[in-house]
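Engineer: The structure's right below; bear with me while I get my questions together.
The values are calculated or read from the model by the stated rules, or taken from the named source; none is laboratory data. Nothing here was measured: the structure is a model prediction, and the numbers come from that model. For neighbour counting, all protein chains shown are included, and Cβ atoms are generated from backbone atoms with ideal geometry for every residue, glycine included. Ligands, DNA and RNA are stripped out before the accessible areas are found, and what is left, the full protein with its side chains, is counted by its heavy atoms. Shrake-Rupley method; radii C 1.70, N 1.55, O 1.52, S 1.80 Å.
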Amino acid sequence: MVLSEPAVHWGAGDGGGWAWGLQNGRRRSAAGPGLHPQAHTARLSPQAMRFPALLLLILAALPPAAVPTAPPPPCPWEMNKVKDIVEVNCTGRDLGAVPAGLPEDTGILLLNANRLPSVSTAAFQPLPALQDLDLSDNGLRAVHAEAPLPSLKELLLSRNALEALPALQGLPALTRLALAHNQLRALAPAAFRAVPRLQDLDLRGNALRTLPEDAFAELRALRDLDLSDNALEELPAGLLRDLEKLETLWLSGNRLRALPSGFFPEGHLFAYVFLTNNSWHCDCSLVYLRSWILRNEGSVYEPERGLGKTKVELAPEKVLCHSPDEHQHKPIIRFKPDCGHVGDAEEDEYDYPDVEWTTKKPLVTSLP
């Protein structure tokens with residue numbers, strides 16, 4: 001025997017209301033307004049009849065279900081108008097670590113003026129398009145090269161607390177490195193060999209006293225080298241040997257007393273050389289520098305640094321003797337050496353008229 005499944009049937013009741021019937025496989029009688037005599041019936045009150053409509057109204061009034069969206073980035077971003085890449089600005093947000101969730105296409109990341117005691121390059125691995133990274137003004141004591149950043153071109157580490165040069169392996173595309181105003185006391189031989197594309201190296205305001213002769217070995221693309229405001233007392237003769245494209249050399253604000261013969265590569269033309277505010281000792285040891293300035297007067301400038309800008313002005317006469325007393329504050333080019341060497345007589349016959357030096361139009365250039 002096969003039993004049919006119970007079925008629910010709706011129909012008009014005796015009083016004109018709606019009723020339902022449960023039948024075990026039996027068809028409701030078509031005659032008359034009622035249900036099959038054997039069906040159990042129940043009536044719905046007018047209030048119950050209104051319940052489905054009320055439920056539909058409530059459901060219609062509910063807000064649509066929220067669609068899951070990606071969380072907003074931790075720092076604001078915009079398209080850099082000059083480089084046409086995404087620039088994320090996390091400057092001055094009191095960050096103690098590199099934030100997660102940065103846009104994957106970040107090209108410029110500004111993390112300066114936070115409180116990052118140390119940073120690992122691994123923190124930037126999720127940013128394959130990263131080209132410029134600013135970590136200045138953080139109090140950084142260490143930068144760990146734990147992962148390569150093959151697209152990185154500019155790394156700004158100025159005004160931190162670094163006592164040693166960070167490892168530069170894994171940064172093959174680097175063209176600008178700023179380490180100004182840290183606590184570097186020495187550089188290893190060939191310290192920058194891992195970044196041969198470097199064009200701009202800023203080491204000003206550290207505590208460097210001496211440099212190995214091959215400190216800048218293989219930096220044949222370097223154009224701007226800033227060694228100003230250190231504690232350099234002497235420089236090796238071959239320091240600039242590999243710097244074939246060097247245009248700007250900053251040596252001002254050190255303790256240099258002389259430069260060795262042949263320090264400036266023969267025939268090399270510089271756009272700007274800064275030599276002021278040193279301890280130049282005007283005796284026979286300074287003959288080489290004096291002769292070089294006389295032959296390259298159009299390249300010797302004096303800087304006037306301000307906030308974000310540097311005004312430089314042609315000033316070969318402002319490279320002054322610091323000692324001995326009889327020559328103190330005298331322009332080096334007016335110092336007349338008498339060293340008993342062949343050619344000294346010609347030097348003595350050089351006429352230095354007491355005329356005002358004219359200056360070219362000052363050049364204003366941006367600095368980091």
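Engineer: Within the stretch 92-124, count every residue that is of a type in the set (G, A, S), open to solvent by 20 Å² or more (accessible area, probe 1.4 Å) and within 13 Å of the chain's Cα centre (by Cα). Working first, answer last.
Structural biologist: Of the stretch 92-124, the ones of a type in the set (G, A, S) are 92, 96-97, 100-101, 107, 113, 118, 120, 122-123.
Imposing the further condition that a residue be open to solvent by 20 Å² or more (accessible area, probe 1.4 Å) reduces the set to 92, 96-97, 100-101, 113, 118, 120, 122-123.
Those left that are additionally within 13 Å of the chain's Cα centre (by Cα): 113.
Number of matching residues: 1.
Engineer: State the number of residues belonging to the stretch 152-178 that are open to solvent by 20 Å² or more (accessible area, probe 1.4 Å) and either touching a residue at least 60 places away in the same chain (Cβ under 8 Å) or among the β-branched types (V, I, T) (or both).
Structural biologist: Filtering the stretch 152-178 for residues open to solvent by 20 Å² or more (accessible area, probe 1.4 Å) gives 153-154, 156, 159, 163-165, 167, 169-170, 172, 175-176.
Imposing the further condition that a residue be either touching a residue at least 60 places away in the same chain (Cβ under 8 Å) or among the β-branched types (V, I, T) (or both) reduces the set to 156, 175.
Looking only at that region, the number is 2.
Engineer: Let me ask something else about it. Would you please list the contacts, defined by Cβ atoms under 9 Å and residues six or more apart or on different chains, that run from a residue in the stretch 76-88 that is touching a residue at least 24 places away in the same chain (Cβ under 8 Å) and closer than 20 Å to V98 by Cβ to a residue that is of a type in the set (A, V, I, L, M) and in a loop (DSSP other than H, G, I, E, B)?
Structural biologist: Cβ pairs passing all conditions: W77/L102; I85/A129; V86/A129.
Engineer: Return only the number of the condition from (1) over 29 Å from D134 (Cα atoms); (2) touching a residue at least 40 places away in the same chain (Cβ under 8 Å); (3) open to solvent by 30 Å² or more (accessible area, probe 1.4 Å) that G267 does not satisfy.
Structural biologist: Of (1) over 29 Å from D134 (Cα atoms); (2) touching a residue at least 40 places away in the same chain (Cβ under 8 Å); (3) open to solvent by 30 Å² or more (accessible area, probe 1.4 Å), only one is false for G267: (2).
Engineer: Test N254 against the stated conditions and say whether it is under 30 Å from E297 (Cα atoms), buried (at least 16 other Cβ atoms within 10 Å of the Cβ) and modelled with pLDDT of 95 or more.
Structural biologist: Values: under 30 Å from E297 (Cα atoms): yes; buried (at least 16 other Cβ atoms within 10 Å of the Cβ): yes; modelled with pLDDT of 95 or more: yes.
So N254 passes the test.
Engineer: Name the strands (runs of 3 or more DSSP E) wholly inside the stretch 113-183 in which the number of residues that are among the acidic types (D, E) is 2 or more.
Structural biologist: Details: elements: 118-120, 132-134, 142-144, 154-156, 176-178.
Because the criterion is at least 2 residues that are among the acidic types (D, E), the strands (runs of 3 or more DSSP E) in the stretch 113-183 that meet it are 132-134.
Engineer: List, please: which pairs have Cβ atoms under 9 Å, are six or more places apart or on different chains, and start with a residue in the stretch 275-287 that is at positive phi and end with one that is among the polar types (S, T, N, Q) and open to solvent by less than 30 Å² (accessible area, probe 1.4 Å)?
Structural biologist: Listed pairs, sorted by first residue: N277/S228; N277/S252; N277/N254.
Engineer: Same structure, new question: Only residues that are assigned to a loop (DSSP other than H, G, I, E, B) and open to solvent by 30 Å² or more (accessible area, probe 1.4 Å): list them for the stretch 213-224, please. If you could, list the steps in order and put the result at the bottom.
Structural biologist: Here is the first cut: in the stretch 213-224, the residues assigned to a loop (DSSP other than H, G, I, E, B) are 213-223.
E213, D214, E218, R220, R223 - these are the residues of the stretch 213-224 that are assigned to a loop (DSSP other than H, G, I, E, B) and open to solvent by 30 Å² or more (accessible area, probe 1.4 Å).
Engineer: Which of the residues that make up the stretch 225-251 are free of Cβ contacts under 8 Å to residues at least 60 places away in the same chain, touching a strand residue (DSSP E or B) at 6+ places or on another chain (Cβ under 8 Å) and either crowded, with 19+ Cβ neighbours inside 10 Å or closer than 22 Å to I332 by Cβ (or both)?
Structural biologist: Here is the first cut: in the stretch 225-251, the residues free of Cβ contacts under 8 Å to residues at least 60 places away in the same chain are 225-227, 229-251.
Those still in the list that are touching a strand residue (DSSP E or B) at 6+ places or on another chain (Cβ under 8 Å) too: 225-227, 240, 243, 246-251.
Selection gives L225, D226, L227, L240, L243, L246, T248, L249, W250, L251.
Engineer: For a quick check of your reading of the model, give me the residue pairs whose first member lies in the stretch 198-213 and is free of Cβ contacts under 8 Å to residues at least 60 places away in the same chain and at positive phi, whose second is of a type outside the set (D, E) and part of a loop (DSSP other than H, G, I, E, B), with beta-carbon atoms closer than 6 Å and at least 6 apart or on different chains.
Structural biologist: These pairs meet every condition: G205/A180; G205/H181.
Engineer: Next question, about the same structure. Please go through the stretch 125-151 and pick out each residue that is surrounded by 14 or more Cβ atoms within 10 Å (Cβ to Cβ), hydrophobic (A, V, I, L, M, F, W, C) and closer than 16 Å to A167 by Cβ.
Structural biologist: L133, L135, L140, A142, V143, A145, L149
Engineer: Which of the residues spanning the stretch 292-307 are within 18 Å of H329 (Cα to Cα) and assigned to a helix (DSSP H, G or I)?
Structural biologist: Residues satisfying the conditions are I293, L294.
Engineer: Of the residues that sit in the stretch 309-335 and are part of a loop (DSSP other than H, G, I, E, B) and open to solvent by less than 100 Å² (accessible area, probe 1.4 Å), which one is modelled with the lowest pLDDT? Full working, then the answer.
Structural biologist: If we filter the stretch 309-335 for residues that are part of a loop (DSSP other than H, G, I, E, B), which is where we start, we get 315, 319, 321-322, 324, 328-330, 335.
Add one more test, that the residue is open to solvent by less than 100 Å² (accessible area, probe 1.4 Å), and what stays is 315, 319, 321-322, 324, 328, 330, 335.
Values: A315: 94, V319: 97, C321: 97, H322: 96, P324: 94, Q328: 93, K330: 95, F335: 89.
The extreme case among them is F335.
Conditions tested, residue by residue: (1) farther than 12 Å from A97 by Cα; (2) touching a residue at least 40 places away in the same chain (Cβ under 8 Å).
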residue: I108; (1), (2): yes, no
residue: N114; (1), (2): no, no
residue: P117; (1), (2): no, no
residue: L127; (1), (2): yes, no
residue: Q131; (1), (2): yes, yes
residue: L135; (1), (2): no, no
residue: N138; (1), (2): no, no
residue: R141; (1), (2): yes, no
residue: A147; (1), (2): yes, no
